[in-house]
Amino acid sequence: MNSFKNALLSLIAFGGIVSFSACGGNDNNPDTPAPKPVVQLSADATLGNHLTDVDGNSLYYFSNDFDGKNNCAGGCAAVWPIYYAGDNLAQAALGTGLDIKDFTTITTTDGKKQTAYKGWPLYYFAPAVGGVNVREAPGKTTGEGVGGVWFVAKPDYTIQLINAQLVGADGKNYLENHTVGNAKTLYFTDGKGITLYSFNKDSFNINKFTKADFSNNAIWPIYETDQIVVPSTLDKTLFGSITVAGKKQLTYKGWPLYYFGQDAGVRGSNKGVSFPAPGVWPVVTPNVAAAPKP
């Protein structure tokens, strides 16, 4: 027994016993860098945090994708290639601040898979250079604001822009001035593409519709936030908030902003433009005149 004990002590002294971890019992190698997130948030001095791919290439949304489908075809598709994160995107593959529940996969009309974020299909920007479409370099955001309908994808927008035909609850198509006609209107939605309206009887920063007990709020729910995160083409200083029965309601140019209950949370739905009559509850556009002073 003593001879065995002495031999064991000698092995320890000369490093003859090696830990199981060094022999492969633990495969974690502290010298191996962790894999980069497949989708991550990258900071921009002007635009703030926005979505990028694994290499830091900016990802964009298209205002014409009002219905959550890819509406960029033909020559548009060459300038704005689709982004697809792969079949098995999981929470572990996302960067800090992103939630897998916000990501889905859609199929384009030509059968390609595309990743969508909060219902918005995602794209790269690849402008033509010498007649050849070249994807912008990692860290660049030169696609922001192109055509007034392309914007970096962000996790915290409180206002986004949709470019869509207005179709009232009466089934008729309307123009921006709320007369009958066929043309797209660029207007405000929340971060998930739900249409926002104003009430033509409101005054500057005064909500004249919502009752103090909120008993009519289900008809025209207030847009309840005071956070202002908007596309770069919009002037943040034109937004504000008011307090309505203890709740914050976002405003634009003094107009309190509302949802329409009958839109039922469907992105791109804008039935309120004709209810109860055209122009009473207009969608909110960037160039709307300021609300009248009381």
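For each pair in K201/K248; K113/K271; K192/K271; K201/K293; K208/K253, compute the distance between the two Cα atoms and list the pairs where it is over 23 Å. Beyond 23 Å: K113/K271.
Straight-line cross-link reach from K112 at under 13 Å between alpha-carbon atoms covers these aspartates and glutamates, not counting any fewer than eight positions away in the same chain: D87.
Quick check: net charge around F66, other residues with Cβ under 11 Å of its Cβ, Lys/Arg +1 and Asp/Glu -1? Combined, the nearby Lys, Arg, Asp and Glu give +1. Think of the chain as a dipole: +1 on every Lys or Arg Cβ, -1 on every Asp or Glu Cβ, centred on the Cα centre; then among P81, I206, I159, I206 lies furthest on the positive end. What separates the Cα centres of segment 138-179 and segment 44-84 is a distance of 13 Å. Note on K184: aspartates and glutamates with a C-alpha under 15 Å away, same-chain residues under 8 apart excluded, are D65, D67, E176.
Taking the C-alpha atoms only, the angle from helix 2-13 to the longest principal axis of the chain is near 50 degrees. Our helix-only sum for the chain, with -39,500 (n - 2.57) per DSSP H run of n ≥ 4 divided by its residues, gives a mean residue ellipticity at 222 nm of -1500 deg cm²/dmol.
Laboratory data are not the source of any read-out in this text; all were calculated from the coordinates shown. Nothing here was measured: the structure is a model prediction, and the numbers come from that model. Note: ideal-geometry Cβ built from the backbone for every residue, glycine included; neighbour counts use all protein chains shown.
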